[in-house]
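Worksheet: the structure to be examined is printed underneath.
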Amino acid sequence: MVGQSQGPNGTAALAVIAPLWNIVYSLGLLMGIDGSVLLSLVKGQKTGDNQKANTYFSASVMGSILLAAAAWAVLLWFETSLLRMFGADDALLDLARSYLIPIKFVFPLFLFNQMLAAFLRNDNDPARATWAVVAGGVFNVAGDILFVFPMRMGILGAGLAAALGAVISFVLMMTHFFSKKNTLGLVKVHHLWPILSKITVTGFSTFFIDIAMGILTILFNKQIMKYLGSDALAVYGPIINVSTIVQCCAYAAGQAGSADFVH
């Protein structure tokens, strides 16, 4: 939609923003996948200590808040510097900033959605996690079509669709806490930092794979812009999406299999 609306520069601007998604999703996965696995291990023991299990959930929530706040602050205060570092030139900078206008209002939700989806899967409610993510994604696609063309919002409309899609996914996942299946709850966490350290060590490999993809994309962006320009970056943009699809398929198989194994 953005490529058809804004031309090659629009596609190139989205390629510039791509590393931002790698960063925020990797932080959400760091807290979500790893904290939820530790929660399931505790609940799967004979004693089934729900209080101890929720210690990992509470620590993951606190860790997600801290990471989201830090990432949000960096985006708000250093937006231009970040986009320059990601490969934007003067022409792409304005387009990328336009896309991020609505994203900045709900930026932490992208991290929280990754974290919550993992915990819902491990709290016997994978269907709700699935439908919440699907609903947000479907709205994102439909919103792109509606906002970019009929409403003539261009790349700003694509950003608005992504932001509202994240809100929809978050709201739907939050309904889990009012359902009968829910066993998650916030408890007082003693020794927060050692627990967060355990969560981080457990899932560092998942985090590193995602963050490494972001770093690699930044390097490719900068080299392509240096030697070939924005038209070539517009070609690289769709390739990033293809690699993301493959990566997500691997995540789906791995997370589902590990959740079943732990249970």
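The values are calculated or read from the model by the stated rules, or taken from the named source; none is laboratory data. Fair warning: this is a prediction, and the values are worked out from it, not measured in the lab. Virtual Cβ from ideal backbone geometry, glycine too; neighbours counted across all protein chains shown.
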| remark: Apart from one, (1) under 30 Å from L41 (Cα atoms); (2) touching a Ser or Thr at 6+ places or on another chain (Cβ under 9 Å); (3) among the small types (G, A, S); (4) surrounded by 14 or more Cβ atoms within 10 Å (Cβ to Cβ) all hold for G157; the odd one out is (1)
| message | I'd like to check something: does region 11-29 contain any residue that is hydrophobic (A, V, I, L, M, F, W, C), surrounded by fewer than 23 Cβ atoms within 10 Å (Cβ to Cβ), free of Cβ contacts under 8 Å to residues at least 24 places away in the same chain and touching a Phe, Trp or Tyr at 6+ places or on another chain (Cβ under 9 Å)? | response | no
| query | Could you say which residue among A73, A68, A59 is within 17 Å of the chain's Cα centre (by Cα), under 30 Å from L39 (Cα atoms) and crowded, with 19+ Cβ neighbours inside 10 Å? | reply | A68
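Just the residues that are touching a His at 6+ places or on another chain (Cβ under 8 Å) and over 17 Å from V37 (Cβ atoms), please, taken from region 170-211.
Taking region 170-211 first, the residues touching a His at 6+ places or on another chain (Cβ under 8 Å) are 182, 184.
Scanning region 170-211 gives a single hit, N182.
Can we say I215 is of a type in the set (A, V, I, L, M, F, W, C) and surrounded by 17 or more Cβ atoms within 10 Å (Cβ to Cβ)? Reasoning before the result, please.
Details: of a type in the set (A, V, I, L, M, F, W, C): yes; surrounded by 17 or more Cβ atoms within 10 Å (Cβ to Cβ): no.
No: the conditions fail for I215.
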| query | Inside region 116-135, can you point out the residues that are of a type in the set (G, A, S) and surrounded by fewer than 23 Cβ atoms within 10 Å (Cβ to Cβ)? | reply | A127, A129, A135
| field | Criterion: modelled with pLDDT under 95, within 19 Å of M1 (Cβ to Cβ) and part of a helix (DSSP H, G or I) - qualifying residue of I168, I211, I145 | value | I145
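Each row is one residue, and each column tells you yes or no for (1) closer than 17 Å to G10 by Cβ; (2) crowded, with 16+ Cβ neighbours inside 10 Å; (3) in contact (Cβ under 8 Å) with a residue 24 or more places away in the chain.
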| site | (1), (2), (3) |
| --- | --- |
| D90 | yes, no, no |
| Q114 | no, yes, yes |
| V148 | yes, yes, yes |
| R152 | yes, no, no |
| K180 | no, no, no |
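With respect to S98, determine if the residue is over 17 Å from the mean Cα position of the chain (by Cα), surrounded by fewer than 23 Cβ atoms within 10 Å (Cβ to Cβ) and closer than 25 Å to N221 by Cβ.
Numbers: over 17 Å from the mean Cα position of the chain (by Cα): yes; surrounded by fewer than 23 Cβ atoms within 10 Å (Cβ to Cβ): yes; closer than 25 Å to N221 by Cβ: yes.
Yes.
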| message | What pairs come out if I take residues in region 220-239 that are at negative phi and pair them with residues that are among the β-branched types (V, I, T) whose C-beta lies under 6 Å away, six or more apart or interchain? | response | A232/I224; L233/I224; A234/T11; Y236/I224; G237/T11
| request: Scan region 30-56 for residues that are free of Cβ contacts under 8 Å to residues at least 40 places away in the same chain and of a type in the set (D, E) and jot them down. | output: D49
| said: Please go through (1) in contact with a helix residue (DSSP H, G or I) (Cβ under 6 Å, 6 or more places away or on another chain); (2) of a type in the set (S, T, N, Q); (3) surrounded by fewer than 19 Cβ atoms within 10 Å (Cβ to Cβ) for S169 and return the number of the only condition it doesn't satisfy. | reply: (3)
| query | In region 5-89, which helices (runs of 4 or more DSSP H) lie fully inside it and hold 1 or more residues that are at pLDDT below 90? | reply | 8-43, 50-77
| request: Answer with yes or no whether L196 is assigned to a helix (DSSP H, G or I), without any contact (Cβ under 8 Å) to a residue 24 or more places away in the chain and not aromatic (F, W, Y). | output: no
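When the residues of region 121-137 are filtered to those that are within 16 Å of the chain's Cα centre (by Cα) and in contact (Cβ under 8 Å) with a residue 24 or more places away in the chain, which remaining residue is nearest to G3 (Cα to Cα)? It would help to see each step written out before you state the result.
Within region 121-137, the first condition is being within 16 Å of the chain's Cα centre (by Cα), and the residues that meet it are 129-130, 132-137.
Subsequent filtering for residues that are in contact (Cβ under 8 Å) with a residue 24 or more places away in the chain retains 129, 132-133, 135-137.
Values: A129: 31, A132: 27, V133: 24, A135: 24, G136: 21, G137: 19 Å.
Step by step, filter region 121-137, then rank; the result is G137.
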